[in-house]
Amino acid sequence: MYDWLNALPKAELHLHLEGSLEPELLFALAERNKIALPWADVETLRKAYAFHNLQEFLDLYYQGAAVLRSEQDFYDLTWAYLQRCKAQNVIHTEPFFDPQTHTERGIPFEVALNGIATALQDGRQQLGISSGLILSFLRHLPEEQAQKTFEQALPYRDAFFAVGLDSSELGHPPSKFQRVFDRARSEGFLTVAHAGEEGPPDYIWQALDLLKVSRIDHGVRASEDPRLMQRLIDEQIPLTVCPLSNTKLCVFADMKQHNILAMLEQGVKVTVNSDDPAYFGGYVTENFAALHEGLGMTAEQAKRLAQNSLDARLIKG
Ligand code: HPA
Ligand code: ZN
């Protein structure tokens, strides 16, 4: 089944580039940039990847991202991810990057963006993988900083097509970012947002009604609210679900508890994605395989999930 799942043509719509930083590359970049790490070796770092919630993961994720310094580092990170796409028949990807994770520690915005954009361009030309970048705001920081980040990004507007919202969800509702999302839409950008991962269904309503998102990232807590479920079904609003992420971060106790297939059968446009594959134990195919093993996903369901991902692309080719 793994090889068959791997060969299915699919799109990835929920992937944080910083979360694709494998421990081996993390150590190599630390050495290149002469950065001392608190872990003795790759194995010790891998052992630290045991999380009880989103925040525990984020603390390590931001620490890991600190080895990224030069344009070449961001290129290498993105290129390594695109190689994984190629190996797993991901023919289209719409990754996130978090500019504030880098500008906050003194890396110029354009250093990160240029490295990523150049790799995505090479991916189109050399690997045949189409892509579009989503600039994501860190919701634990004030809205003013998101606004500053957006203004900083505008001169590079051709390098990204949408804005998103990630980081610590609880206590940071979508409403906090209504103005910067209004501004982004007025400049012609699409919007997406993480909602309903750890946060309540109300955050999903807010993302739809206040931020006017085209997709919900995660959204698994929608199943607690029948009215919301009906809206997602009626309007065919895609959810970018990340099964291994959800079990690693204890959103579900184990894969047998996951609601993605129940939602699929109810008519919700759910998709399968890897979120932060270096931290959560696998890329898209591993997420599909985990659904087969843990939830008994059939080949027919896998085909529908893969087709949903192609349908839910926001940019074509
Ligand atoms: N949720 C919120 N923020 C994130 C995630 C996530 O799954 N991954 C990287 N940043
Ligand atoms: Zn995410």
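The values are calculated or read from the model by the stated rules, or taken from the named source; none is laboratory data. For clarity, every value in this text was computed on a predicted model and none was experimentally measured. Because the Cβ atoms are built from the backbone with ideal geometry, glycine has one as well, and the counts that use them run over all protein chains shown.
Could you tell me which numbered condition Asp234 fails, if it satisfies all but one of (1) free of Cβ contacts under 8 Å to residues at least 40 places away in the same chain; (2) closer than 15 Å to Trp4 by Cβ; (3) surrounded by fewer than 18 Cβ atoms within 10 Å (Cβ to Cβ)? Status for Asp234: all satisfied but (2).
Within the set Arg124, Arg185, Arg157, the sole residue that is closer than 28 Å to Gln88 by Cβ, among the charged types (D, E, K, R) and either at pLDDT below 95 or away from ligand 1 (no atom under 14 Å from the Cβ) (or both) turns out to be Arg124.
Picking from Glu110, Glu56, which residue would you name as being within 22 Å of Phe181 (Cα to Cα) and either part of a helix (DSSP H, G or I) or within 16 Å of ligand 2 (Cβ to nearest atom) (or both)? Write out each step before concluding.
Values: Glu56 fails: within 22 Å of Phe181 (Cα to Cα).
Sole residue among the options that is within 22 Å of Phe181 (Cα to Cα) and either part of a helix (DSSP H, G or I) or within 16 Å of ligand 2 (Cβ to nearest atom) (or both): Glu110.
Return yes when Val163 is within 19 Å of Asp276 (Cα to Cα) and either without any contact (Cβ under 8 Å) to a residue 60 or more places away in the chain or more than 16 Å from ligand 2 (Cβ to nearest atom) (or both) and no when it is not.
Values: within 19 Å of Asp276 (Cα to Cα): yes; either without any contact (Cβ under 8 Å) to a residue 60 or more places away in the chain or more than 16 Å from ligand 2 (Cβ to nearest atom) (or both): yes.
For Val163, the condition - within 19 Å of Asp276 (Cα to Cα) and either without any contact (Cβ under 8 Å) to a residue 60 or more places away in the chain or more than 16 Å from ligand 2 (Cβ to nearest atom) (or both) - is met.
Considering only residues that are touching a Gly at 6+ places or on another chain (Cβ under 6 Å) and either in a loop (DSSP other than H, G, I, E, B) or more than 16 Å from ligand 1 (Cβ to nearest atom) (or both), which ones fall in segment 75-102? If the condition is that a residue be touching a Gly at 6+ places or on another chain (Cβ under 6 Å) and either in a loop (DSSP other than H, G, I, E, B) or more than 16 Å from ligand 1 (Cβ to nearest atom) (or both), then Tyr75, Leu82, Glu94 are the ones that fit.
For segment 241-254, how many residues are more than 10 Å from ligand 1 (Cβ to nearest atom) and buried (at least 19 other Cβ atoms within 10 Å of the Cβ)? Total satisfying the criteria: 4.
Looking only at segment 193-204, decide whether some residue is crowded, with 17+ Cβ neighbours inside 10 Å, within 16 Å of ligand 2 (Cβ to nearest atom) and more than 30 Å from Leu8 (Cβ to Cβ). Checking segment 193-204: at least one residue is crowded, with 17+ Cβ neighbours inside 10 Å, within 16 Å of ligand 2 (Cβ to nearest atom) and more than 30 Å from Leu8 (Cβ to Cβ).
Give me the residue from segment 113-139 that is buried (at least 17 other Cβ atoms within 10 Å of the Cβ) and in a loop (DSSP other than H, G, I, E, B) and, out of that set, farthest from ligand 2 (Cβ to nearest atom). Selected residue: Ile129.
When Ser186, Ser175, Ser168 are checked against the criterion of being surrounded by fewer than 24 Cβ atoms within 10 Å (Cβ to Cβ), closer than 20 Å to Tyr61 by Cβ and of a type in the set (Ser, Thr, Tyr), a single residue qualifies: Ser168. Annotation: of all residues in segment 255-293 being closer than 14 Å to Asp217 by Cβ and within 12 Å of ligand 1 (Cβ to nearest atom), the one that is surrounded by the fewest Cβ atoms within 10 Å (Cβ to Cβ) is Asp276.
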